[in-house]
Amino acid sequence: MPGTDIRPNLASPNTGVVITGGASGLGFASARALAAVGRAVALWDIDGARAESAAGQVRSEFGVAAIGLAVDVRDPHAIKEAAEASRAALPSIGGIVHCAGIVDTASLEGITIESWDDGINIHLRPIVLLLQAFLEDLKSNPGSAVVATASINATLGNAVNPIYTAAKGGVLSLVRSLADRLAKDGIRVNSVSPGQIMTPMMKPSVDALPDRYFEKRILMERIGEPEEIGRVVRFLLSDEASYITASEIVVDGGNISSQR
Ligand SMILES: NC(=O)c1ccc[n+]([C@@H]2O[C@H](COP(=O)([O-])OP(=O)(O)OC[C@H]3O[C@@H](n4cnc5c(N)ncnc54)[C@H](O)[C@@H]3O)[C@@H](O)[C@H]2O)c1
């Protein structure tokens with residue numbers, strides 16, 4: 001039982017992991033972190049070509065099984081099909097990382113029915129659909145765990161992106177509900193809330209704002225690197241985190257605790 005084993009357990013369990021948004025940024029960094037300890041990965045992304053190329057990179061860098069699939073996580077049918085394909089391609093599935101994401105920038109006045117539905121159906125609903133699709137896989141593999149990507153925006157009010165903020169707040173609450181349901185099946189469910197991390201999603205904001213706009217608020221005075229999230233995701237999916245469920249792990253260099 002991992003609870004009493006003090007030896008490093010980062011590579012355990014050795015099950016495969018499905019990662020949405022796996023072609024870029026935090027999803028890709030999570031895939032590399034997991035592959036570095038020998039875990040097979042299925043990278044799902046709306047950009048299928050980039051997902052395949054990212055999977056190829058992971059295979060050649062780490063020598064693990066890795067596939068890339070074109071999946072729009074807004075589409076429940078596509079999630080079911082990709083679950084079948086991932087099950088066929090990986091030796092087993094004992095982890096899910098939901099990293100697919102977009103960000104609205106039009107504030108209250110710019111919300112449309114379509115943008116609202118997109119935000120919720122990309123960030124929030126897939127967590128449920130993924131768990132429904134993989135429940136039997138996760139139940140049958142000891143040490144299974146799920147990580148959903150929330151954000152410090154779930155806690156901080158930001159006028160610019162109300163849909164994103166609402167969806168991420170929903171992620172924190174949904175994770176706690178699902179963790180309660182799934183504990184009896186041995187499945188842990190947690191969220192990671194990144195602060196500002198330099199990815200293709202963040203770069204346009206960094207470029208558009210005045211120099212060191214974000215850094216002045218962050219206690220560590222720097223923007224984070226994707227690998228600094230990937231390592232935390234890997235930890236949460238490992239037996240090192242055997243007693244952590246229903247938690248939000250904030251990885252923000254000291255942003256939401258800042259008074260600067
Ligand atoms: N970068 C940050 O500073 C930061 C901070 C807090 C939270 N996050 C969250 O982390 C997650 C990853 O963001 P990132 O910074 O790596 O961004 P990113 O843009 O680099 O990666 C997001 C990926 O999601 C994919 N995607 C978008 N819509 C999709 C859909 N409908 N179906 C499948 N895939 C889709 C994109 O193609 C892209 O590859 C997001 O949920 C984001 O909200 C990021």
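Every number in this text was worked out from the coordinates using simple rules, so none of it is lab data. The model shown is predicted, which means the values in this text are computed figures rather than measured ones. Note: ideal-geometry Cβ built from the backbone for every residue, glycine included; neighbour counts use all protein chains shown.
Points worth noting:
- Total residues in segment 185-200 satisfying the condition of being surrounded by 24 or more Cβ atoms within 10 Å (Cβ to Cβ), within 7 Å of the ligand (Cβ to nearest atom) and outside any strand (DSSP E or B): the figure is 1.
- Of the helices (runs of 4 or more DSSP H) lying entirely inside segment 45-131, those containing at least 3 residues that are within 15 Å of the ligand (Cβ to nearest atom) and either over 18 Å from Y164 (Cα atoms) or touching a His at 6+ places or on another chain (Cβ under 9 Å) (or both) span 48-62, 76-89.
- Count - residues of segment 201-235 that are within 14 Å of the ligand (Cβ to nearest atom), in a helix (DSSP H, G or I) and surrounded by 13 or more Cβ atoms within 10 Å (Cβ to Cβ): 9
- Residue in segment 164-184 that is farthest from the ligand (Cβ to nearest atom), counting only those that are among the small types (G, A, S) and surrounded by fewer than 16 Cβ atoms within 10 Å (Cβ to Cβ): A183
- Meets criteria (crowded, with 17+ Cβ neighbours inside 10 Å, among the hydrophobic types (A, V, I, L, M, F, W, C) and under 21 Å from M198 (Cα atoms)) for A82: no
- Against the list (1) touching a residue at least 40 places away in the same chain (Cβ under 8 Å); (2) outside any helix (DSSP H, G or I), the condition A29 fails is (2).
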